[in-house]
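Structure first, then comments.
None of the figures in this text is laboratory data; all of them are computed from the coordinates on show. Treat the numbers as computed from the prediction; the structure is a model and nothing was measured. Virtual Cβ from ideal backbone geometry, glycine too; neighbours counted across all protein chains shown.
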There are 2 protein chains.
Amino acid sequence: MLMASPQLMTHSAKIFKALGHPSRLAMVHALCEGEKCVCELQELVGSDMSTVSKHLAVLREAKVVSDEKRGMQVYYSLRMHCVSTFIDCVENALKEEAS
Amino acid sequence: MLMASPQLMTHSAKIFKALGHPSRLAMVHALCEGEKCVCELQELVGSDMSTVSKHLAVLREAKVVSDEKRGMQVYYSLRMHCVSTFIDCVENALKEEAS
DNA sequence: TGGCTGTTTGGCAAAATAGCCAAGCAGTGG
DNA sequence: CCACTGCTTGGCTATTTTGCCAAACAGCCA
């Protein structure tokens, strides 16, 4: 049996966990199109700004996204690009199942 | 901005969430090679049998794995095959980062 | 029947997560 | 300097998740 290092599992799991919340996933989904500022993401998910900020912190820590401050706004962009492939894949699997 | 349905996000997030635990991810990782019975998976993660069973229930509910009882044992196998691609992708991203 | 093995379920306490409000903080402009 | 905007952080409570033990349960064999 292929034995994977526990560290790798823990680290990978952190990434999946970060994607495992509807708001965070929706934000990442949106970021697949290109960078967005926090206010745009807030509008997307409709939660309190502080909540959105904390969600983004989770994604940042998992290194799924990166942030850059320009002027008064902070822009987030997708850092782990293959996430986009994951999302498509899961969505396709769900659509197939639904049919 | 591409607008995704909240239902789809919630459903997809559930799948990512299911993968977002080191033990569950390790089990799914192992199942990429082929079906395994619960006792093999227990040995892999080293937790209490009941804990393993509950983790498997989470994966089952998310439809990431399927179960089949044969004789006295229950065999689990990967149902959402693209998960295997995800894991490779994340692992590669992590390895690149480490280097 | 009764006892065994492999697995699931119930129940609980500890830990982690979510989301709101309020406060803080950096950059901008009057 | 002051006030304002955009965002983050602290603090709190409610909810969810985790993981153990004990109990239940199904299939097999004596």
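Tabulated data
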| quantity | calculated |
| --- | --- |
| When each of A:K14/B:K36; A:K14/B:K54; A:K36/B:K54; A:K54/B:K69; B:K14/B:K36; B:K36/B:K95 is checked by Cα-Cα distance, pairs over 31 Å | A:K36/B:K54; A:K54/B:K69 |
| Sum of -39500 (n - 2.57) over DSSP H runs of 4+, divided by residues of chain B (222 nm, nearest 500) | -19000 deg cm²/dmol |
| Placed amide H near A:C37: partners under 5 Å, 5+ positions off or other chain | A:Y76 |
| Point-charge dipole on Cβ atoms (K/R +1, D/E -1) for segment B:21-99, about Cα centre, debye to 20 | 360 |
| Options A:A26, A:F86, B:N92, ranked by Cα towards positive dipole end of the protein assembly as shown, top entry (Cβ charges) | A:A26 |
| For segment A:29-35, 3J(HN,Hα) per residue [Karplus equation, 6.51 cos²θ - 1.76 cosθ + 1.60, θ = phi - 60°, Hz, x = Gly/Pro] | 3, 5, 5, 4, 7, x, 5 |
| In sequence order, calculated HN-Hα J values of segment B:75-88 (Karplus, 6.51, -1.76, 1.60; Hz; x Gly/Pro) | 9, 9, 9, 6, 9, 9, 5, 5, 4, 4, 5, 3, 4, 4 |
| 12 Å beta-carbon shell around B:D67, net charge (K/R +1, D/E -1) | +3 |
| Intensity falloff of segment A:16-98 expressed as log10 I(q)/I(0), Debye formula with alpha-carbon point scatterers, at q = 0.15, 0.17, 0.23, 0.27 Å⁻¹ | -0.51, -0.64, -1.10, -1.44 |
